[in-house]
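First the structure, in the form of structure tokens, and then the observations on it.
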Amino acid sequence: MRIFAIGDPHLSFAAPKPMHIFGEHWRDHDKKIAENWNRIANDDDVLIIAGDISWAMKLEEAAADLEWIARLKGRKVLIKGNHDLWWSSRSKVRKIADPSIEILQADSIVINGVAIAGTRGWQCPGNEGSADMLIEGAEARYTEQDFKIYQREVGRLKLALESLRGKAYRHLIVVLHYPPMNSQHEESGFTRLIDEYGADWCVHGHLHGDSIKTAFNGVRGKTHYRLVSADSVDFAPFPVMEI
């Protein structure tokens, strides 16, 4: 079994949104992802999708995007991103998702001795505020509300990791949508939990364009960190580990 990861597929089959408005490299990006994955994947492989799955606003609109994911080879593990407004609850998504799709939201799963724990995350202190919190034209700044959401998401990662108690596993992968540290690569509540639980890997998405350069890709403590947003990996799922 091999485990791969990619983030931010930004699918929109029900109401197409052309992603190449963000750059020509995004043209037909869904085809690139599917072709790259199905070319290398085996049926027992696992694909982690680190949030921003669909542009849909409602769950029924996201159904076509989930069906596209279901047709990909192997087992898929999904977490929520900041643009996944259709994702109202884990239980509702699970009801319509294909059996090949696992849904994580502040919880975990163990597959063949590999634990995968995930939650959305949030902007870490030291970064500019989230654009999702701002009115158009407002100055980006880290607000008290940003900090409250950040603390809540740190708590949700702790819940995800605590859900592994009593489960047997040999390796641990933490999945976030937002980066687990700020652009200065400073310690955060997320990295402290990742250290405490001894994660082998932490993968995340969210960053695009020039922001890709701000990601920390490397080893901190015993943990390998990697940005896997679709455009950062050239629309080819990143190989995390092989068991």
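Read-outs throughout are calculated quantities, based only on the coordinates presented, and are distinct from any laboratory measurement. Since we're looking at a predicted model, the values are computed, not measured. Here the Cβ positions follow ideal geometry from the backbone for every residue, glycine too, while neighbour counts run over all protein chains shown.
Residue count for segment 137-180 under the criterion of being in a loop (DSSP other than H, G, I, E, B), in contact with a Gly (Cβ under 8 Å, 6 or more places away or on another chain) and more than 16 Å from THR119 (Cα to Cα): the result is 7.
Considering only residues in segment 189-243 that are in contact with a helix residue (DSSP H, G or I) (Cβ under 6 Å, 6 or more places away or on another chain) and polar (S, T, N, Q), the one that is surrounded by the fewest Cβ atoms within 10 Å (Cβ to Cβ) turns out to be THR223.
Answer yes or no: is there a residue in segment 159-170 that is crowded, with 18+ Cβ neighbours inside 10 Å and more than 30 Å from ASP30 (Cα to Cα). Yes. With respect to the conditions (1) of a type in the set (Lys, Arg); (2) loosely packed, with under 15 Cβ neighbours inside 10 Å; (3) in contact with a Phe, Trp or Tyr (Cβ under 6 Å, 6 or more places away or on another chain), LYS32 falls short on a single one, namely (2). One residue stands out among those in segment 47-75 that are under 16 Å from ALA236 (Cβ atoms) and under 14 Å from the mean Cα position of the chain (by Cα): the one that is surrounded by the most Cβ atoms within 10 Å (Cβ to Cβ), which is ALA50.
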